[in-house]
1. Go through the range 161-202 and report how many residues are in a loop (DSSP other than H, G, I, E, B) and either among the hydroxyl-bearing types (Ser, Thr, Tyr) or loosely packed, with under 15 Cβ neighbours inside 10 Å (or both).
2. Please pick out the residue among 89, 75 that is under 29 Å from residue 42 (Cα atoms) and assigned to a helix (DSSP H, G or I).
3. Could you say whether any residue in the range 315-322 is of a type in the set (Gly, Ala, Ser), crowded, with 20+ Cβ neighbours inside 10 Å and in contact (Cβ under 8 Å) with a residue 40 or more places away in the chain?
4. Could you grab me the full set of residues in the range 167-179 that are closer than 16 Å to residue 221 by Cα and without any contact (Cβ under 8 Å) to a residue 60 or more places away in the chain?
5. Taking the residues in the range 366-404 that are outside any helix (DSSP H, G or I) and in contact with a Pro (Cβ under 8 Å, 6 or more places away or on another chain) as candidates, determine which candidate is nearest to residue 331 (Cα to Cα).
6. I'd like the full set of residues that are in a helix (DSSP H, G or I) and among the hydroxyl-bearing types (Ser, Thr, Tyr), limited to the range 92-103.
7. Looking at 333, 338, 295, which is the one that is over 30 Å from residue 193 (Cβ atoms), assigned to a helix (DSSP H, G or I) and not hydroxyl-bearing (Ser, Thr, Tyr)?
8. Quick one: would you say residue 131 is within 19 Å of the chain's Cα centre (by Cα), surrounded by fewer than 16 Cβ atoms within 10 Å (Cβ to Cβ), under 27 Å from residue 208 (Cβ atoms) and of a type in the set (Gly, Ala, Ser)?
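The values are calculated or read from the model by the stated rules, or taken from the named source; none is laboratory data. Worth saying up front: this structure is predicted, and the values here are computed from it rather than measured. A quick note on method: Cβ atoms are made from the backbone with ideal geometry, for glycine too, and the neighbour counts reach across all protein chains shown.
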Amino acid sequence: MSKRAEDGPTPPSERIVALDALRGVALLGILLVNIWLFSMPEASLSNPTVHGDFTGGNYWAWFGTHVFAQQKFITLFTLLFGAGIILFTQSARSKSTEHVAAVLSARRFGWLVLFGLAHAYLLWYGDILVAYGACAFGVLVLRDLPARTLTTIGIGLIAVPSLIEVLAALTADPSAVADTWRPTESVLRAEIETYRSGWIEQFDHRASTSFRRQTTDFVGYTAWRVGGVMLLGMALFKWGVMTNERSAQFYARLAVGGAVSGLAVILAGVAYIHAHDWGVEGALLWRQFNYWGSLPLAAAYLALVMWYCKWRPDSLATRWFAAVGRTAFSNYLLQTVLATSIFYGHGLGLFGAVTRVELLAIVVAIWAVQVPLSVLWLRYFRYGPIEWLWRALTYRSMPPLRVSSGGSESAEKRNG
């Protein structure tokens, strides 16, 4: 294997700043929704009426997060991962052979799965890394297809779980999903008590939930959605949409079109579930509105970030978001550590005791830690700590971690 390829992680100076800024926005936005799973019973993610106050400010906190964040930022993050597969393999190919690029990619995805398994079983069942690593093995073989073909296949994959749920909604007895849509009070209370207990007491629930998400949920839903969105990310990268190569007018049209169409579908979904009074009869179809509406709205967010980075490439906001994006893997795990320390019993034990309005304040507080910490870290280091470890394991070498002489100023320029 070529030593150049083995020792060749992409240096920070060659990164695409708009991609890093977009990744930073996505990573920060994901916490708005993940905080629900960190702090409340799992069922509240799909049916917010099962736990806690759902009136006044708490209702509007849910409404705003559902409409503008739920599935939008994770979709952005998945698009970026798909684009990253193309970027990584292009870099590896430019330094060595097709075989080396495939070996490095497989090693990279394999380690991601192992990181994800540790994350899921030791810290938090809501992990997405296992799904990303597993799906990446599948979509990697399609990376050389034309962008239009990738888009067609991607949309087809995304449609599979949607069709399954629609058919189930039209033919199945609604009572079949009653236990998951509205668990009994005893089930909810047991989950709350579990996560207010110690780390060992949480393990049975964390392990069983992680296993379900990585098996039946993965096969029936996650693999199709994640794999399909990754293919869309590859296509957008090939079209130059994710690398800020399109015109400002293109991004403006995409932002307006994506926002109008996405919000129309999502708001129709909110009206639909209210018309069914949050009953189990509307449970399966209700998910479809946000499932599809999140795609154009995520595209609108992508367009807004690209447009802003084109307009203000050296702004403070661009540099800050890019810093978070360059350390996104480390920041994703840091969000878990901070949130579980706040809500779980081995920390402050606030699981099930915090309102949705208060959760928004906690999200902002975590952002206030992560953004300046990311900027400060990159003044002295080339990569985030987990990014560096992932690169070292992938390339089986030790890439330089500290910035070169004159580091603070040059690193700050690279961030923006």
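1. Quick first cut of the range 161-202, residues in a loop (DSSP other than H, G, I, E, B) only: 172-173, 182-184, 196-198.
This time we only want the ones that are either among the hydroxyl-bearing types (Ser, Thr, Tyr) or loosely packed, with under 15 Cβ neighbours inside 10 Å (or both), so: 172-173, 184, 197-198.
So the answer is 5.
2. Numbers: 89 fails: under 29 Å from residue 42 (Cα atoms).
Among 89, 75, only 75 is under 29 Å from residue 42 (Cα atoms) and assigned to a helix (DSSP H, G or I).
3. Filtering the range 315-322 down to residues of a type in the set (Gly, Ala, Ser) leaves 315, 317, 322.
Keeping just the survivors that are crowded, with 20+ Cβ neighbours inside 10 Å gives 322.
When the remaining residues are screened for being in contact (Cβ under 8 Å) with a residue 40 or more places away in the chain, the result is 322.
Yes, the range 315-322 contains a residue that is of a type in the set (Gly, Ala, Ser), crowded, with 20+ Cβ neighbours inside 10 Å and in contact (Cβ under 8 Å) with a residue 40 or more places away in the chain.
4. As a first pass, look at the range 167-179 and keep what is closer than 16 Å to residue 221 by Cα: 167-169, 177.
167 - this is the single residue of the range 167-179 that is closer than 16 Å to residue 221 by Cα and without any contact (Cβ under 8 Å) to a residue 60 or more places away in the chain.
5. If we take residues in the range 366-404 being outside any helix (DSSP H, G or I) and in contact with a Pro (Cβ under 8 Å, 6 or more places away or on another chain), then 383 is nearest to residue 331 (Cα to Cα).
6. Step one: list which residues in the range 92-103 are in a helix (DSSP H, G or I), which gives 92-95, 98-103.
Answer for the range 92-103, where residues must be in a helix (DSSP H, G or I) and among the hydroxyl-bearing types (Ser, Thr, Tyr): just 94.
7. On the way: 333 fails: over 30 Å from residue 193 (Cβ atoms); 338 fails: over 30 Å from residue 193 (Cβ atoms).
Testing whether each residue is over 30 Å from residue 193 (Cβ atoms), assigned to a helix (DSSP H, G or I) and not hydroxyl-bearing (Ser, Thr, Tyr) leaves just 295.
8. On the way: within 19 Å of the chain's Cα centre (by Cα): yes; surrounded by fewer than 16 Cβ atoms within 10 Å (Cβ to Cβ): no; under 27 Å from residue 208 (Cβ atoms): yes; of a type in the set (Gly, Ala, Ser): yes.
In short, no.
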